[in-house]
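A.B. asks: One structure, as structure tokens, below. Some questions next.
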Amino acid sequence: MTQLLCPKAIVTGATGFIGSRLVAALERHGYRIAAMTRGDVSSAGGAAVDWYSLDEPGNAAFDDASVLFHLAGRAHIIREHAANPEAEFRAANVDLTIRMAEWAADSGVRRFVFLSSIAALGSKTAPGSHFSELTIPAPETDYGKSKLMAEVALTSLGQATGMEIVIVRPPMVYGPGAKGNFARMMALLKLGMPLPFGATDNRRSFVGVGNLTDFLIRCAEHPHAAGQTFLVSDDQDISTTDFLRMSAEALGLRPFLIPVPKRFLQYAAKVAHKEALIDKLVGDLRIDCSRAKSVLSWQPSLSIRDGLRSTTS
């Protein structure tokens, strides 16, 4: 009798915040995993995981793999120090993506799941509106532009090779080990610092890392995901004020939120040349994830409140 092997998945960026959670989730789903990273693979664990260098993965990494999850790349940088940020983003988010996709296609990998970003569409939505799969992309940052360039190149490569491309655009991802604005907000809450967001009535979408990894696996397995682009979120739009309150609640703290009017915050940010940063905190960024739910029969398993509780548990 022929013994059927478990499916094999490749994960790039496997030691990162999202990648490490995806590797663990794939193990629970019974996958064999070829994990790729630029970090030290000698100390990386996982019973069903083989580790490879992202720079020189070798043919063994691709053997028998049915899906590649491409998570590696250069994330949005709040304090940019690179002399040429555009070139850095292009090298990490476009050139590397295409190189991995070409290797995957040449090796017969059936499906390529690309973790893009909502930044490929833009940085904010108008009051009362939302981003959807029908939104015309208008990225405003080098990061967002690089993600969109990678999407376009992947789509062309998929059409030329027959490899199934799936593009996933999440908003801010939160969870244990998250970096960026989420990590900064949690640190300030823990310090008991006063924060001027007690009267912010905006609406923003978020996605917990658990919901995101669950959705990525659904994109790998569902037949209707092939060739599609999806927006994903926790399917809740809340204000920055409520997000901070829920975060503090998860930490067992009482937040010190000062009700500063949004217009004053925006004016102060303009004076300090921090408009982009304040927009992420007081502006709207709403996502319609109804297509992801209907096409892939998917529902987020955790609410924002429950997702934040898991962050501190």
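The values are calculated or read from the model by the stated rules, or taken from the named source; none is laboratory data. Keep in mind it's a predicted model, so treat the numbers as computed, not measured. Every residue, glycine among them, receives a Cβ derived from its backbone with ideal geometry; neighbour counts consider all protein chains shown.
A.B. asks: Failed condition for Ser297, given (1) over 23 Å from Gly175 (Cβ atoms); (2) of a type outside the set (Asp, Glu); (3) under 15 Å from the mean Cα position of the chain (by Cα), with all others met?
C.D. replies: Looking at each condition in turn, Ser297 falls short on (3).
A.B. asks: Among Leu253, Leu216, which is at pLDDT 95 or above and either crowded, with 20+ Cβ neighbours inside 10 Å or outside any helix (DSSP H, G or I) (or both)?
C.D. replies: Leu216
A.B. asks: Can you name every residue in segment 282-313 that is in contact with an Asp or Glu (Cβ under 7 Å, 6 or more places away or on another chain) and assigned to a helix (DSSP H, G or I)?
C.D. replies: Arg291, Ile304, Gly307, listed by residue number.
A.B. asks: Among the numbered conditions (1) surrounded by fewer than 18 Cβ atoms within 10 Å (Cβ to Cβ); (2) in a helix (DSSP H, G or I); (3) in contact with a strand residue (DSSP E or B) (Cβ under 7 Å, 6 or more places away or on another chain), tell me where Met100 comes up short.
C.D. replies: Of everything listed in (1) surrounded by fewer than 18 Cβ atoms within 10 Å (Cβ to Cβ); (2) in a helix (DSSP H, G or I); (3) in contact with a strand residue (DSSP E or B) (Cβ under 7 Å, 6 or more places away or on another chain), Met100 misses just condition (1).
A.B. asks: Here is a further query. Quick one: Leu68 ticks every box in (1) over 30 Å from Asp237 (Cα atoms); (2) without any contact (Cβ under 8 Å) to a residue 40 or more places away in the chain bar one, so which box is it?
C.D. replies: Failed condition: (2).
A.B. asks: If you take the residues in segment 266-281 that are part of a helix (DSSP H, G or I) and either without any contact (Cβ under 8 Å) to a residue 12 or more places away in the chain or among the small types (Gly, Ala, Ser) (or both), which one is surrounded by the fewest Cβ atoms within 10 Å (Cβ to Cβ)?
C.D. replies: Among those that are part of a helix (DSSP H, G or I) and either without any contact (Cβ under 8 Å) to a residue 12 or more places away in the chain or among the small types (Gly, Ala, Ser) (or both), it is Val271.
A.B. asks: Inspect all residues belonging to segment 146-159 and state whether any of them is buried (at least 24 other Cβ atoms within 10 Å of the Cβ) and of a type in the set (S, T, N, Q).
C.D. replies: Checked segment 146-159: at least one residue is buried (at least 24 other Cβ atoms within 10 Å of the Cβ) and of a type in the set (S, T, N, Q).
A.B. asks: Now, a different point. Any residue at all in segment 114-136 that's touching a His at 6+ places or on another chain (Cβ under 7 Å) and either under 24 Å from Phe62 (Cβ atoms) or free of Cβ contacts under 8 Å to residues at least 40 places away in the same chain (or both)?
C.D. replies: yes
A.B. asks: Given the conditions (1) in contact with a helix residue (DSSP H, G or I) (Cβ under 7 Å, 6 or more places away or on another chain); (2) within 20 Å of Leu216 (Cβ to Cβ); (3) modelled with pLDDT of 90 or more, report the number of the one that His76 does not fulfil.
C.D. replies: Single failed check for His76: (3).
A.B. asks: Follow-up question, since we're still on this one. Does Thr125 meet the test of being of a type in the set (Val, Ile, Thr) and in a loop (DSSP other than H, G, I, E, B)?
C.D. replies: yes
A.B. asks: Any chance you could count how many residues in segment 219-241 are assigned to a helix (DSSP H, G or I), surrounded by fewer than 19 Cβ atoms within 10 Å (Cβ to Cβ) and over 19 Å from the mean Cα position of the chain (by Cα)?
C.D. replies: Number satisfying all stated conditions: 2.
A.B. asks: Now, a different point. What is the number of the single condition among (1) at pLDDT below 85; (2) buried (at least 16 other Cβ atoms within 10 Å of the Cβ) that Asp284 does not meet?
C.D. replies: (1)
A.B. asks: What pairs come up if the first residue lies in segment 83-101 and is farther than 15 Å from Asp142 by Cβ, the second is surrounded by fewer than 21 Cβ atoms within 10 Å (Cβ to Cβ), and their beta carbons are under 6 Å apart, counting only those six or more places apart or on different chains?
C.D. replies: Matching pairs, first to second residue: Ile98/Ala153; Ala101/Leu157.
A.B. asks: Another question, if that's okay. What number goes with the only condition from (1) out of contact with any Pro (no Cβ under 8 Å at 6 or more places or on another chain); (2) crowded, with 18+ Cβ neighbours inside 10 Å; (3) not small (Gly, Ala, Ser); (4) not in a strand (DSSP E or B) that Leu244 does not pass?
C.D. replies: Every listed condition holds for Leu244 apart from (1).
A.B. asks: Would you mind finding the one in Phe215, Phe206, Phe197 that is over 22 Å from the mean Cα position of the chain (by Cα) and in contact (Cβ under 8 Å) with a residue 60 or more places away in the chain?
C.D. replies: Only one candidate passes the filter, namely Phe197.
A.B. asks: Does Arg204 count as charged (D, E, K, R), at pLDDT 95 or above and farther than 30 Å from Tyr31 by Cβ?
C.D. replies: Against the criterion (charged (D, E, K, R), at pLDDT 95 or above and farther than 30 Å from Tyr31 by Cβ), Arg204 qualifies.
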